[in-house]
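In what follows, a structure is listed as structure tokens, so that the remarks can point back to it.
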Amino acid sequence: MASYDFREIEKKWMDNPEDRDINRGVDFDKREKKYVLVEFPYPSGEGLHVGHAFSMTGSDVYARYLRMKGFNVLFPMGWDAFGLPAENYAIKTGIQPQVTTDRITKLFKEQMKRMAFSFDWDREINTTLPEYYKWTQWIFIKLFEKGLAHKEEMPINWCPKDKIGLANEEVIDGKCERCGAETEKRTISQWVVKITDYADRLIDGLKNTDFIEKVKAAQVNWIDRKEGMEIEFLIGGSEEKIRVFTTRPDTLTGVEFLVISPDHKLAEKFGNDEVKRYVEKYKQRDIKNREEKQKTGVKLTVRAINPLNGKEVPIFVADYVSMDFGTGAIMGVPSHDERDKDFAKEMGISFEAVTIPEIGMWGEVVNKGWGKKKVSYHLRDWIFSRQHYWGEPIPMVWCKKDGWVSVPENELPIVLPKVEKYQPTDTGESPLANIKEWVDTKCPKCGGEAKRETDTMPNWAGSDWYFLRYCDPKNSSALADMEKMKYWLPVDMYIGGDEHNTLHLLYSRFIYQFLFDLGVVPKEHPEPYKKRLSHGVILAPDGKRMSKSKGNVIAPEEMTSKYGTDVVRMYMSFMGPFDATMAWNERSLIGVSRFLERFYKLVTEHAGKNSGQEMEGKRLINKLVKSAGEDLEEFKFNTVVAKLMETTNGLAKITGSIENEDLRAMVKVIAPLAPFVAQELWVVLGGHGSVHSQAFPVAEEKFLVSEFLSLAVQVNGKVRGVIEIKPEATEEEVIEKAKREEKIAKFLAEGEIKKVIYIKGKALNFVVG
RNA sequence: GCCGAGGUGGCGAAAUGGUAGACGCACUAGCUUUAGGAGCUAGCGGGAGCAAUCCCGUGUGGGUUCAAGUCCCACCCUCGGCACCA
């Protein structure tokens with residue numbers, strides 16, 4: 001027995017042309033701008049996920065609120081559409097990834113419209129379109145020109161079954177994500193981008209942002225800057241030296257052995273057969289998946305000399321030392337390092353406790369030339385090559401004479417050619433390698449015969465700079481117009497998942513800083529994002545993560561057709577704090593549905609009755625207006641809904657009528673959350689045009705005060721009674737009234753009043769002793 | 001181990017140092033001859049009591065304060081991220 005038909009209302013207002021205008025971000029508008037960005041999705045075949053629906057609903061409520069507050073809001077959406085699923089689907093079915101992508105993108109867009117997301121569709125972008133990735137390629141060329149991109153022999157994860165190189169994120173538990181075969185290590189030539197050159201900038205730049213603490217921490221920890229020293233150890237009977245990295249040069253006296261990584265080049269040089277076997281075994285495995293807690297290692301035939309005391313110590317190869325950090329070699333100080341102690345025990349190395357000199361040895365080590373100060377980072381350079389088809393072609397050409405040469409800018413974009421087969425080649429190159437007429441080209445420098453790079457870019461490439469493109473999505477002569485970027489940047493609020501707080505955010509900040517140095521983004525804005533907010537996670541009703549295999553997936557589409565868009569949006573706002581992990585609960589959703597019914601009834605019943613209104617109604621609505629505004633500002637949507645419910649419950653008890661103006665104010669408050677019902681009620685209340693272009697109401701202070709307020713009276717800190725006072729009552733009046741209250745007087749009589757604390761209108765405490 | 005976020009009814013959760021549990025779900029009782037996730041009224045942290053009322057309650061133990069879920073110290077547990085990082 002619904003009091004309103006959500007289907008009809010939705011149909012009526014879904015494509016309101018006026019709203020399309022309202023949702024547009026206007027370049028150079030005189031209103032103050034706000035750039036609200038929510039991560040654009042990878043359009044996967046399953047359609048819009050409830051997680052998308054949740055984070056986008058929160059972002060949308062916020063964007064709608066800001067518009068009503070009079071801001072010129074940029075709230076764009078697009079598609080991060082390069083990726084493996086479409087490619088895998090193509091391998092299976094032969095359907096071109098672009099075709100699949102176009103189809104799914106349309107589906108997503110439809111579903112987003114049904115959720116009433118107020119995106120500015122005029123600015124829609126798609127990372128797979130040549131007019132977009134032209135600029136992704138352009139950025140790569142600039143990186144190459146500035147010496148920040150080069151080819152390097154790199155060990156990669158190799159799937160022997162699929163004959164393909166896999167990125168770390170494509171290897172799950174040491175197995176290929178696609179076929180489940182054990183992966184191995186293989187060395188191939190890869191494009192590498194020197195993000196480490198920006199390590200310090202990426203840390204320092206955080207000062208110019210308001211990211212929440214955990215996001216800043218994630219960035220800093222990922223970069224993990226460590227100051228220490230590189231110390232040189234001579235190898236006995238050889239000209240070779242081993243450089244170790246340590247943050248504790250003062251423990252040099254306690255060195256009992258050195259350890260080098262199996263990837264260290266000296267392992268090969270000084271290794272006997274046993275060492276070779278160890279290294280071989282190590283390389284078969286995925287480094288990330290060592291389960292054994294026990295440390296293993298083998299001894300080299302040579303020994304190292306401690307520069308401090310000339311002591312000869314053995315050198316081991318062990319996999320607990322990683323080539324990725326420091327120098328790939330450490331000095332083993334079992335008396336001061338737990339891991340070294342474990343290793344010494346495993347290897348049967350005896351050691352004694354040593355006292356560390358009072359004064360650090362930094363100076364001595366440096367002065368005597370044994371070593372030098374060094375900063376080391378956990379952050380590694382960024383492997384930028386993928387041997388996949390469905391990605392941006394890397395715009396480089398290999399010429400025997402000139403080496404790697406970048407494609408001239410005026411030849412961009414290098415369009416991804418259509419292929420017949422999406423299977424990888426036997427050599428592990430991308431399917432592009434099979435297209436001879438595409439690969440064979442002329443060297444841009446010497447005009448001689450040359451070959452195109454067949455690697456494509458990683459998934460991150462297109463999403464690194466997409467927020468710039470939204471400022472000016474159709475520009476054909478630049479990433480985006482400088483003046484437009486100057487107007488819209490920085491992104492005021494960037495909403496996304498925790499999983500992107502490290503890599504995506506870091507890569508994207510790096511690319512922005514690089515573009516900043518090139519002078520192609522505004523010099524006024526050294527950082528791209530002002531604020532970063534993590535959205536929460538929605539679990540299945542069983543409290544587990546949703547997954548197709550568990551069959552516990554909630555589809556937003558199903559929910560909206562069953563209960564209506566407004567109910568689903570309001571429920572998602574109500575279910576908990578925006579950044580919390582919450583389980584879906586349909587009963588609770590029904591509660592929200594019941595509320596919306598009551599709300600609708602209340603407004604329609606009071607509409608047009610303007611006489612005999614009660615002050616209490618006015619007060620409730622003004623109170624709502626005030627606190628709801630504050631909560632919306634802070635993404636506290638759950639309490640906004642709670643307050644709307646509270647107000648509605650309170651108003652239902654009122655016998656008189658409610659003024660139309662107040663009803664309208666209430667409808668404006670609900671508008672960002674429940675846009676369809678709000679619009680319908682707006683019209684019922686005689687409003688003109690769209691409720692979404694109305695100014696968010698402002699509470700009138702004079703209506704906020706009630707005639708009486710209740711004050712908790714404490715005796716020795718415990719609440720012993722409540723008295724009704726007038727807000728303007730003086731301290732003396734309040735104390736007198738409290739003393740006359742029987743319940744309180746009883747406790748006061750137990751002793752002498754030593755002190756009275758009165759906080760106006762808030763608390764009264766008698767200290768009795 | 002490190003970093004981050006948390007620990008409040010049966011459940012999801014509220015609470016600028018000032019009446020803990022708003023709001024919702026579930027539940028209980030009653031009303032309404034009640035068309036399909038109904039509506040209305042009342043109750044709903046634990047204990048004692050016919051009741052008024054009293055005592056105890058925000059992970060544990062200390063502390064600051066007239067007053068602590070909230071601030072400080074130590075510890076325990078849960079979740080998320082990163083980890084043999086030298």
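The values are calculated or read from the model by the stated rules, or taken from the named source; none is laboratory data. In this text the structure is predicted, and so the values were computed from the model without any measurement. A quick note on method: Cβ atoms are made from the backbone with ideal geometry, for glycine too, and the neighbour counts reach across all protein chains shown.
Scanning for something under 18 Å from A:V321 (Cα atoms), surrounded by fewer than 17 Cβ atoms within 10 Å (Cβ to Cβ) and not hydrophobic (A, V, I, L, M, F, W, C), does the range A:256-265 turn up at least one residue?
Yes, that holds for at least one residue.
Checking A:P458 against (1) surrounded by fewer than 18 Cβ atoms within 10 Å (Cβ to Cβ); (2) within 30 Å of A:E437 (Cβ to Cβ), only one condition comes out false. Which one?
Unmet condition: (1).
State which residue pairs qualify: first residue over 22 Å from A:E182 (Cα atoms) and inside the range A:272-284, second residue in a helix (DSSP H, G or I) in any location, beta carbons under 8 Å apart, and separation of 6 or more residues or different chains.
A:V275/A:A267
Take the residues of the range A:179-236 that are aromatic (F, W, Y) and more than 10 Å from RNA strand B (Cβ to nearest atom): which is modelled with the lowest pLDDT?
A:F211
Just for the range A:214-249: of the residues that are charged (D, E, K, R) and assigned to a strand (DSSP E or B), which one is farthest from A:A199 (Cα to Cα)?
Restricting to residues being charged (D, E, K, R) and assigned to a strand (DSSP E or B), the top hit is A:K241.
Evaluate the range A:30-48: report whether one residue or more is within 16 Å of A:V568 (Cα to Cα) and part of a loop (DSSP other than H, G, I, E, B).
Scanning the range A:30-48 turns up at least one residue that is within 16 Å of A:V568 (Cα to Cα) and part of a loop (DSSP other than H, G, I, E, B).
Going residue by residue through the range A:42-55, is there one that turns out to be within 15 Å of the chain's Cα centre (by Cα) and of a type in the set (D, E)?
Here is the first cut: in the range A:42-55, the residues within 15 Å of the chain's Cα centre (by Cα) are A:42, A:51-52, A:54-55.
Keeping just the survivors that are of a type in the set (D, E) gives none.
There is no residue in the range A:42-55 that is within 15 Å of the chain's Cα centre (by Cα) and of a type in the set (D, E).
To keep it simple, each residue is scored yes or no on (1) surrounded by 17 or more Cβ atoms within 10 Å (Cβ to Cβ); (2) within 13 Å of RNA strand B (Cβ to nearest atom).
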{"residue": "A:S322", "(1), (2)": "no, yes"}
{"residue": "A:D342", "(1), (2)": "no, yes"}
{"residue": "A:A353", "(1), (2)": "no, no"}
{"residue": "A:W370", "(1), (2)": "yes, no"}
{"residue": "A:S376", "(1), (2)": "yes, yes"}
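Select the helices (runs of 4 or more DSSP H) contained entirely in the range A:389-498, then report the ones holding at least 2 residues which are closer than 30 Å to A:W121 by Cα.
A:460-463, A:466-469, A:482-488
Could you say which residue among A:V667, A:V603, A:V641 is within 30 Å of A:Y494 (Cβ to Cβ) and surrounded by 15 or more Cβ atoms within 10 Å (Cβ to Cβ)?
Of A:V667, A:V603, A:V641, the one residue that is within 30 Å of A:Y494 (Cβ to Cβ) and surrounded by 15 or more Cβ atoms within 10 Å (Cβ to Cβ) is A:V641.
Take the residues in the range A:77-124 that are hydroxyl-bearing (S, T, Y) and part of a helix (DSSP H, G or I), then tell me which one is farthest from the chain's Cα centre (by Cα). I'd like the intermediate steps shown before the answer.
Keep residues of the range A:77-124 that are hydroxyl-bearing (S, T, Y), which gives A:89, A:93, A:100-101, A:105, A:118.
If we keep only those that are part of a helix (DSSP H, G or I) as well, we get A:89, A:93, A:100-101, A:105.
Numbers: A:Y89: 27, A:T93: 33, A:T100: 27, A:T101: 24, A:T105: 22 Å.
Restricting to residues being hydroxyl-bearing (S, T, Y) and part of a helix (DSSP H, G or I), the top hit is A:T93.
Suppose we filter the range A:716-733 for residues that are over 30 Å from A:G617 (Cβ atoms), touching a Lys or Arg at 6+ places or on another chain (Cβ under 9 Å) and within 11 Å of RNA strand B (Cβ to nearest atom); how many remain?
So the answer is 1.
Can you report the number of residues in the range A:124-162 which are out of contact with any strand residue (DSSP E or B) (no Cβ under 8 Å at 6 or more places or on another chain) and polar (S, T, N, Q)?
The number of residues fulfilling the criteria is 1.
Let me confirm something: among A:G391, A:G369, A:G448, A:G428, which residue is free of Cβ contacts under 8 Å to residues at least 12 places away in the same chain and either of a type outside the set (D, E, K, R) or under 30 Å from A:I231 (Cα atoms) (or both)?
Details: A:G391 fails: free of Cβ contacts under 8 Å to residues at least 12 places away in the same chain; A:G448 fails: free of Cβ contacts under 8 Å to residues at least 12 places away in the same chain; A:G428 fails: free of Cβ contacts under 8 Å to residues at least 12 places away in the same chain.
Selected residue: A:G369, the only one of A:G391, A:G369, A:G448, A:G428 that is free of Cβ contacts under 8 Å to residues at least 12 places away in the same chain and either of a type outside the set (D, E, K, R) or under 30 Å from A:I231 (Cα atoms) (or both).
Would you mind stating whether A:G650 is modelled with pLDDT under 95, within 16 Å of RNA strand B (Cβ to nearest atom), closer than 30 Å to A:T565 by Cβ and of a type outside the set (A, V, I, L, M)?
yes
Given the structure, is A:D197 surrounded by fewer than 19 Cβ atoms within 10 Å (Cβ to Cβ) and in contact (Cβ under 8 Å) with a residue 60 or more places away in the chain? Spell out how you get there, then give the answer.
Working: surrounded by fewer than 19 Cβ atoms within 10 Å (Cβ to Cβ): yes; in contact (Cβ under 8 Å) with a residue 60 or more places away in the chain: no.
Considered against the rule, which asks whether it is surrounded by fewer than 19 Cβ atoms within 10 Å (Cβ to Cβ) and in contact (Cβ under 8 Å) with a residue 60 or more places away in the chain, A:D197 comes out as no.
Okay, residues lined up against (1) within 11 Å of RNA strand B (Cβ to nearest atom); (2) free of Cβ contacts under 8 Å to residues at least 12 places away in the same chain; (3) surrounded by 19 or more Cβ atoms within 10 Å (Cβ to Cβ):
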position	(1), (2), (3)
A:M559	yes, no, yes
A:Y563	yes, no, yes
A:V567	yes, no, yes
A:M582	yes, no, no
A:G629	no, no, no
A:L632	no, no, yes
A:F637	yes, no, yes
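Look at the range A:324-336 and say how many of its residues are in contact with a strand residue (DSSP E or B) (Cβ under 9 Å, 6 or more places away or on another chain) and either assigned to a loop (DSSP other than H, G, I, E, B) or near RNA strand B (Cβ under 7 Å from one of its atoms) (or both).
Initial filter on the range A:324-336 (in contact with a strand residue (DSSP E or B) (Cβ under 9 Å, 6 or more places away or on another chain)): A:325-334.
Add one more test, that the residue is either assigned to a loop (DSSP other than H, G, I, E, B) or near RNA strand B (Cβ under 7 Å from one of its atoms) (or both), and what stays is A:325-328, A:330-331, A:333-334.
Here the count works out to 8.
Go through (1) more than 27 Å from A:K185 (Cβ to Cβ); (2) within 10 Å of RNA strand B (Cβ to nearest atom); (3) at pLDDT 90 or above one by one and return the number of the condition A:A318 breaks.
(1)
Name the single residue, out of those in the range A:754-769 being of a type outside the set (S, T, N, Q), in contact with a Lys or Arg (Cβ under 9 Å, 6 or more places away or on another chain) and part of a strand (DSSP E or B), that is surrounded by the most Cβ atoms within 10 Å (Cβ to Cβ).
Across the range A:754-769, the extreme among qualifying residues is A:F766.
Sort out for me the helices (runs of 4 or more DSSP H) sitting completely within the range A:634-715 that have 3 or more residues that are under 30 Å from A:G576 (Cβ atoms). Spell out the reasoning first.
On the way: elements: A:637-652, A:660-670, A:675-684, A:701-704.
Helices (runs of 4 or more DSSP H) meeting the threshold: A:637-652, A:660-670, A:675-684.
Filter the range A:693-715 for residues that are touching an Asp or Glu at 6+ places or on another chain (Cβ under 6 Å) and either of a type in the set (G, A, S) or more than 16 Å from RNA strand B (Cβ to nearest atom) (or both) and give the result.
As a first pass, look at the range A:693-715 and keep what is touching an Asp or Glu at 6+ places or on another chain (Cβ under 6 Å): A:708, A:710.
A:S710 - this is the single residue of the range A:693-715 that is touching an Asp or Glu at 6+ places or on another chain (Cβ under 6 Å) and either of a type in the set (G, A, S) or more than 16 Å from RNA strand B (Cβ to nearest atom) (or both).
Does A:V521 satisfy the condition of being farther than 30 Å from A:G205 by Cα and aliphatic (A, V, I, L, M)? Even if it seems obvious, please write down each step before you answer.
Values: farther than 30 Å from A:G205 by Cα: no; aliphatic (A, V, I, L, M): yes.
It is false that A:V521 is farther than 30 Å from A:G205 by Cα and aliphatic (A, V, I, L, M).
Tally up the residues in the range A:488-507 that are over 11 Å from A:H525 (Cβ atoms), more than 16 Å from RNA strand B (Cβ to nearest atom) and not aliphatic (A, V, I, L, M), please.
2
Quick check on the range A:734-750: of everything there that is charged (D, E, K, R) and part of a helix (DSSP H, G or I), which residue is farthest from RNA strand B (Cβ to nearest atom)?
Restricting to residues being charged (D, E, K, R) and part of a helix (DSSP H, G or I), the top hit is A:E736.
Working only within the range A:8-29, note down all residues that are part of a helix (DSSP H, G or I) and loosely packed, with under 12 Cβ neighbours inside 10 Å.
A:E8, A:K11, A:P17, A:D21
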